[in-house]
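Participant: Sending over a structure as structure tokens; questions will come in a sec.
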Amino acid sequence: MAKAKNPMPINTGIDKKDRQAIADGLSRLLADTYTLYLKTHNFHWNVTGPHFNSLHAMFMTQYTELSTAVDVIAERIRALGAPAPGSYKAYARLTSIREEEGHPSADDMVAQLVEGQETVVRTARKALPAAEKANDQATLDLLTQRLDLHEKNAWMLRSLLA
């Protein structure tokens, strides 16, 4: 199909400025989600110690869910008419999550993942006002689901450190 000279405008009841503000917040959420995915997958590969089996399995469950979430968030950004960031450089610029290049202990991995889960929660909360202002129920639903999941994951991970 040939590219249209004047693409068909988006007319979903959310103006362009509001769609961009929502997409900007979702882009930060996407970057945090992808960075947490990468960190969790790294820890899955490299965890050692007496709780290896349970942590290895827990980390796999979490990075698998994060992998799915990345696609959902990126597709919402696209539905709003904005390009979804998709490079390490873009994610590094947008993320609030600190990368780990070393090989921490299992307890340090768990603590870092608690911090990462809570960072994603804060990023999602920051994206709520723009979606609320525009009455963007689809984004509000996505953000609510992310908040619920990441708060639960943080609780479960934190329980391992008690």
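Participant: Do you know which residues across region 42-63 are of a type in the set (Gly, Ala, Ser) and not in a helix (DSSP H, G or I)?
Facilitator: To start, the set of residues in region 42-63 that are of a type in the set (Gly, Ala, Ser) comprises 49, 54, 57.
The answer is 49, and nothing else.
Participant: Where residues in region 33-51 are of a type in the set (A, V, I, L, M, F, W, C) and over 12 Å from residue 101 (Cα atoms), which of them is surrounded by the fewest Cβ atoms within 10 Å (Cβ to Cβ)?
Facilitator: Residues of region 33-51 that are of a type in the set (A, V, I, L, M, F, W, C), as a first pass: 36, 38, 43, 45, 47.
The next check asks that each one be over 12 Å from residue 101 (Cα atoms); those that pass are 36, 45, 47.
On the way: 36: 26, 45: 12, 47: 21.
Filtering first and then ranking leaves 45.
Participant: Would you point out the residue of region 120-162, among those that are not hydrophobic (A, V, I, L, M, F, W, C) and not in a helix (DSSP H, G or I), that is surrounded by the most Cβ atoms within 10 Å (Cβ to Cβ)? Working first, answer last.
Facilitator: As a first pass, look at region 120-162 and keep what is not hydrophobic (A, V, I, L, M, F, W, C): 122-123, 125-126, 129, 132-133, 135-137, 139, 141, 144-146, 148, 150-153, 158-159.
Of the ones still in play, those that are also not in a helix (DSSP H, G or I) are 135-136.
Values: 135: 11, 136: 22.
Checking each candidate, the answer is 136.
Participant: Quickly run through region 105-127 and pick out the residues that are over 15 Å from residue 147 (Cβ atoms) and touching a residue at least 60 places away in the same chain (Cβ under 8 Å).
Facilitator: 109, 112, 113
Participant: Can I ask one more? Of the conditions (1) in contact (Cβ under 8 Å) with a residue 60 or more places away in the chain; (2) of a type in the set (Gly, Ala, Ser); (3) over 30 Å from residue 9 (Cα atoms), residue 138 clears all except one; give me its number.
Facilitator: (3)
Participant: Where the second residue is surrounded by 19 or more Cβ atoms within 10 Å (Cβ to Cβ) and polar (S, T, N, Q) and the first is assigned to a helix (DSSP H, G or I) and lies in region 64-78, which pairs have Cβ atoms under 7 Å and are six or more apart or on separate chains?
Facilitator: 66/33; 66/40; 69/33; 70/33; 73/33; 76/139; 77/27
No lab work stands behind these numbers, since they all come straight from the coordinates. Values in this document were obtained by computation on a predicted structure and should not be read as measured data. Heads up, the Cβs are rebuilt from the backbone with ideal geometry, glycines too, and the neighbour counts pull from every protein chain shown.
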